[in-house]
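Okay, so here's the structure we're looking at.
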Amino acid sequence: MTAPATRPAAAAQPAHGESPKVRQQTVRFAFFKVMPEWRRLPLAERIAHKQAFREVIEKWNIPGVCRNITYSTVGLRGDADMCIWTICYTVDEMGQMMAELMATPLGGYLTMPYHFISMTKRSQYSLGMEDEVEAETRSTVRPGGQKYIFIYPFWKTRAWYLLSLEERKVLMEEHIRVGLQWPRVKLNTTYSFGLDDQEFVVAFECNYPEDFLDLVQRLRETGASAYTLKDTPMFTCIRMTAAEMLDRLG
Amino acid sequence: MTAPATRPAAAAQPAHGESPKVRQQTVRFAFFKVMPEWRRLPLAERIAHKQAFREVIEKWNIPGVCRNITYSTVGLRGDADMCIWTICYTVDEMGQMMAELMATPLGGYLTMPYHFISMTKRSQYSLGMEDEVEAETRSTVRPGGQKYIFIYPFWKTRAWYLLSLEERKVLMEEHIRVGLQWPRVKLNTTYSFGLDDQEFVVAFECNYPEDFLDLVQRLRETGASAYTLKDTPMFTCIRMTAAEMLDRLG
Amino acid sequence: MTAPATRPAAAAQPAHGESPKVRQQTVRFAFFKVMPEWRRLPLAERIAHKQAFREVIEKWNIPGVCRNITYSTVGLRGDADMCIWTICYTVDEMGQMMAELMATPLGGYLTMPYHFISMTKRSQYSLGMEDEVEAETRSTVRPGGQKYIFIYPFWKTRAWYLLSLEERKVLMEEHIRVGLQWPRVKLNTTYSFGLDDQEFVVAFECNYPEDFLDLVQRLRETGASAYTLKDTPMFTCIRMTAAEMLDRLG
Amino acid sequence: MTAPATRPAAAAQPAHGESPKVRQQTVRFAFFKVMPEWRRLPLAERIAHKQAFREVIEKWNIPGVCRNITYSTVGLRGDADMCIWTICYTVDEMGQMMAELMATPLGGYLTMPYHFISMTKRSQYSLGMEDEVEAETRSTVRPGGQKYIFIYPFWKTRAWYLLSLEERKVLMEEHIRVGLQWPRVKLNTTYSFGLDDQEFVVAFECNYPEDFLDLVQRLRETGASAYTLKDTPMFTCIRMTAAEMLDRLG
Amino acid sequence: MTAPATRPAAAAQPAHGESPKVRQQTVRFAFFKVMPEWRRLPLAERIAHKQAFREVIEKWNIPGVCRNITYSTVGLRGDADMCIWTICYTVDEMGQMMAELMATPLGGYLTMPYHFISMTKRSQYSLGMEDEVEAETRSTVRPGGQKYIFIYPFWKTRAWYLLSLEERKVLMEEHIRVGLQWPRVKLNTTYSFGLDDQEFVVAFECNYPEDFLDLVQRLRETGASAYTLKDTPMFTCIRMTAAEMLDRLG
């Protein structure tokens, strides 16, 4: 195991004298499923496996460099047991951290049924609203600490991209107006064009699943919705510590 | 294993003084398939496995908090052996219960080929009919005790959502009128928008498969049917006790 | 193992005094594939496995209650080795019989890549033809004993169901006229609406594969063909005794 | 193992006195992938496995009855290692031969990710050209001995079948004219309607992959191409002896 | 193991006296995933496995004959761990090299979830631009040495091929003009028509993932984009030595 702090830490600090331009972040939502064989191992072995896995997650929580937020999906998906949301600055860190995770003993009993990478970037749709959506920090993700997160990859139809920017703005304004009716839902949009299969990965943080259910059903009636090509799979995840998330595995 | 009764029980009782608002329920249809290796285990071991699994199911039958109804799909699907229908009030309970189920020895030999979560909510289509569909308890599911249940996830086309509410009501009225011609079929509709891949999960309880067959074929001719995007997979399940359901595994 | 004859036998006989109404049958086409590991077992073990599996099939051949017809697909599909066509009267019998089959030692080495359930029912299209298609026994399936069977699940487009019954009759008449040009092909149509993923399961019995090939190619040119949504996978199966079918496994 | 020569040989010879009508052939392209576990076996065991497998292939090369041509796909597909092209006269021989192949020790370590069956028949499009396409032997396949074969299953849209035969002939003539510009490519067309998932299986033999690449790209611009529903997966295979093909497995 | 240098080397040198025509190259992007079981092996065994695998890769780096470039996808895809980009002159070399790779001990623990083969050829669209796109060496791929590569298979709609060459040129000119706005992205286009499932495999080399993200999003708005049928899966890969790539496996 190499010490990740050295190289990434340097990368995270702009050289003196440079204008403090906002750096784009690299984002990953990795979903893991434990193989049934793992559940048959002796308890002591499983405890040691979970401990080593947790240590790698924690090692890679480095302020200003890399952050991991952990979620359980046990009982909410049949095909995934946990989700690690990683926010850092380069795909190299992504690779190094995952190599270390999978090199733990638990790695020999995990599959990754879903895995999305993306980046932050400023939106095309500057809509003149004075809220956090418009802030200069738009190209950073700041997780809000809510109990649940709802994640899905997202593709628009090609017809969408042939609309004029003006037409798309009108549709996005309606979309955002609807979203503001559920203020307890916090949206994080990230971009995957060319980096992964989907175009966007969206992650909604909220303490109230019923709010998100109502919002998504209401959004079906907006004009922009007709330009959705695909927005599945959809994941409901419960935020908890890495230790709690791993204990849900058995 | 934590005792689920404490935390959820509190959640299930509104604080004194609050108006008795109907709480939305959280619903799960989890389909399990036993791995072929399990069938090769000694009989005594399999009996112990089934016993431990059954105990968790029964532990989570807590009046007012959580209910599990058990079905066999052996011989009715090639890719699933059993279905547990869980009705409770939070996704947290869903997670905790499943973690306990999968931590039993049988959990090391199970896959979950299908898994749907959803919530109850009032319908948009208040149609002025004086039957149970319109009752104030619409946001609760009350299983009817019939011998068979027919379950499927469901997506409408985006064109549906762009119809006016008035147009949709006309189509839903026709749909419901057709349904009333088969009064021995009881419908339970739940909502998954944003929580899981599908938009709806519908579950029809009936003692007469031929009734349901006729109803579904007849519904193909309604106007609303043209707005169905996808309504598969479809599951026929036989209600039986947890012990009977597990004995069908071998 | 319970004795299936008692319960189903009662169900199969209408009570004295009732009019002899034709009962709808429940139908299943179950496709099995042996796991590669099974082929590595000692010969004596494999022979015992096949013997026990065959005994369950034979036990469930009960005149008036349940019938099993056995087919090999070895060499005709890469993903299936055998097919059991079961015709009985309730899904409960389906479940019980399959539980017994899978509880044999061979069951620990089998997967079921395809599995279709359906029911018989009278056709909507009474076409005034004086052949077996129109007979009063239309809601029973009577296998014809031909050497080959060709099976596929079938979905029509929603546009089909929005045609008037009159329009559909015209299209079905053309379809049937074409079929009559290949009189050596016997068609069995069954209905799955709501019971399983597909709408129909069709099974054509014929001693001449080249006849069926020509018929299906010719049917592509009928008007009804444009309303086919999906009609795959398609299976060619060779009828043989259960013992012969099992010997093809190795 | 039964001796295949007896029964099929009889079938392959028309009775004395019958007119020498061309018999339709039954064709199979079976793709195999060796399981990773096989590669871990001791070398001597693997050599014995390959030897037994090869003997079955060779046993079923019976002039006038059955022919097997062997190809390696190692390094050309990630999901297949070898392809056996079998040409005989009945599906029964297909089944018997595959049962014998899979009963060898190598059979316990093989999967069949792709498997296509079809038959030869005369084309509908008699185009008045004096080449082999029009020969009286059109309903037999005669492999040409080229080094490479390119295989794919093929479906036309239903719109194609609603064109008049005259319209289709015009389109097929253009298609054939384009094909004749690459005379080093030899086409074998076979028919699967109702026998297997696809409508056609086409196999192009050629010593020059770059010719076939250019031909397929050029064919995209023909009128008939717009009526292609699906023409994947596509396989590039290298002809070699059974022994060489098996040695590529490791 | 045969010595690859002999046969291919001959093939790579045109005979004396021939005009130095540019030979088309054969290209492969093979993606590997290590099976979880491998991670459970003793460290010494894993080190030996990686060493033997690396030696085959290096053996097949033969100037003028075959070149392998190695990438890690650990942490960037959930379904692939590494990618080997092979550039040579015949599919026979492709087969021989892969047979040798998979015959190493690591081969017994690898799957190949994605695998694309293609060839180089001159573009149809000679656009009169004086850059490398137009150079006489267009039918060779010359990897640029950038740190990242972004790879995807690609299909155009059939409607595209029915446009006139003139219309397509106009659309391709717009496409290329957009691409030139991101000069730090280097495009390699290869052709798979008939050789593999996709029509094209494109590989973009770039040191700046954010550039590629912006380029792909911007290309969505071009006229040619509406003629894209499918362009997934999309892979982000990090270039590193074979030894480093293998060390990322654990």
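Nothing in this text is a laboratory measurement; each read-out follows from the coordinates by a stated rule. Predicted model only: the values in this text are computed from it and were never measured. We place every Cβ from the backbone using ideal geometry, glycine too, and count neighbours over all the protein chains shown.
Using a/c under 1.5 as the rounded threshold, could you call the stretch B:67-106 rounded, prolate or oblate? The axes a ≥ b ≥ c are square roots of the C-alpha gyration tensor eigenvalues, and prolate needs a/b larger than b/c, oblate otherwise. It is oblate, given that a/c is not under 1.5 and a/b is not larger than b/c.
The stretch A:190-222 and the stretch E:149-192 have their alpha-carbon centroids 31 Å apart. The 3J(HN,Hα) values that the Karplus relation (6.51, -1.76, 1.60; θ = phi - 60°) gives for the stretch E:23-29 are, in residue order, 7, 6, 9, 9, 10, 9, 10 Hz. Gly and Pro appear as x.
Using just the C-alpha positions of chain D as equal point scatterers, what log10 of I(q)/I(0) does the Debye formula give at each q in 0.11, 0.15 1/Å? Each listed q corresponds, in turn, to -0.64, -1.13.
Distant-in-sequence amide contacts of residue E:82, defined by a placed amide H-H separation under 5 Å and a gap of 5 or more residues or a different chain, comprise E:32, E:73. Averaged over peptide A:96-102, the number of partner chain Cβ atoms lying within 10 Å of each residue's Cβ comes to 6. Among A:95, A:150, A:63, whose Cα lies farthest out toward the positive end of the dipole of the stretch A:54-194, if unit charges sit on the beta carbon of Lys, Arg (+1) and Asp, Glu (-1)? Sorting the options by dipole projection puts first A:150. With label points defined 7 Å past Cα in the direction of Cβ, position residue B:228 shows copy-to-copy spacings of 2.1, 2.1, 3.4, 3.4 nm, given to one decimal and shortest first.
Shortest first, residue D:42 label-point distances to identical copies amount to 1.9, 1.9, 3.1, 3.1 nm, with the label point at 7 Å from Cα along Cα→Cβ.
Per residue, the average separation of C-alpha pairs within less than 8 Å and at least 6 apart gives the stretch B:78-211 a relative contact order of 29 percent.
Across all Cα pairs in the stretch E:157-205, the calculated P(r) in 10 Å bins from zero up to the longest distance comes to 21, 42, 35, 2 percent per bin.
Rg/Rh, computed from the Cα trace of the stretch C:103-250 with Rh as the Kirkwood radius, has the value 0.99. Take every Cα pair under 8 Å whose residues are at least 6 apart in sequence, average their separation, divide by the length of chain E, and the relative contact order is 26 percent.
3J(HN,Hα) along the stretch E:171-185, derived from phi through the Karplus expression 6.51 cos²θ - 1.76 cosθ + 1.60 where θ = phi - 60°, amounts to 5, 5, 4, 4, 4, 5, 4, 4, x, 5, 6, 10, x, 7, 9 Hz, with x in place of Gly and Pro. Residue-wise HN-Hα couplings along the stretch D:68-77, as the Karplus relation 6.51 cos²θ - 1.76 cosθ + 1.60 with θ = phi - 60° gives them from phi, are 10, 10, 10, 9, 9, 10, 4, x, 10, 9 Hz; Gly and Pro carry x.
Of all chain E residues, the closest to the E-onto-A rotation axis by Cβ, with that distance in whole Å, is E:37, 8. When the charge dipole of the stretch E:40-197 is built from unit charges on Cβ atoms (+1 for Lys and Arg, -1 for Asp and Glu) and taken about the Cα centre, the candidate among E:178, E:104, E:140 whose Cα reaches farthest toward its positive end is E:104. Residues whose amide H falls under 5 Å from that of residue B:201, counting only those 5 or more places apart or on a different chain, are B:190, B:191, B:192, with hydrogens built in the peptide plane. Mean per-residue shielding of peptide A:50-61 is 0, counting Cβ atoms of other chains within 10 Å of each Cβ.
Between the C-alpha center of the stretch B:42-79 and that of the stretch C:22-69 there is a gap of 26 Å. Given +1 at the Cβ of Lys and Arg, -1 at the Cβ of Asp and Glu and no other charges, the dipole of the protein assembly as shown around its Cα centre is 1600 debye to the nearest 20.
Structural descriptor for the stretch E:146-248: relative contact order 48 percent, calculated from alpha carbon pairs under 8 angstrom and at least 6 residues apart.
Loop-located chymotrypsin sites (Phe, Trp or Tyr not before Pro) in the stretch C:62-104 (DSSP state not H, G, I, E or B) with no more than 13 neighbouring Cβ atoms inside 10 Å do not occur. In the assembly of identical copies, residue E:113 has its label point, taken 7 Å from Cα in the direction of the beta carbon, separated from the corresponding points by 1.4, 1.4, 2.2, 2.2 nm (ascending, one decimal). Remark: the Cα gyration tensor places the stretch B:54-188 in the prolate category, a/c being 1.5 or greater and a/b exceeding b/c. The mean number of Cβ atoms from other chains found within 10 Å of a Cβ in peptide A:107-118 is 4, as a whole number.
Each Lys and Arg adds +1 at its Cβ and each Asp and Glu adds -1 at its Cβ; summed about the Cα centre, chain D shows a dipole of about 340 debye. Quick check: from the Cα gyration tensor, does the protein assembly as shown come out rounded (a/c under 1.5), prolate or oblate? Since a/c stays below 1.5, the shape of the protein assembly as shown is classed as rounded.
Only helices enter the 222 nm calculation for chain B: every DSSP H run of n ≥ 4 contributes -39,500 (n - 2.57), and dividing by all residues gives -9000 deg cm²/dmol, rounded to 500. Taking a straight line from the alpha carbon of residue C:147, these lysines sit under 18 Å away, with near neighbours fewer than eight places off in the same chain left out: C:186.
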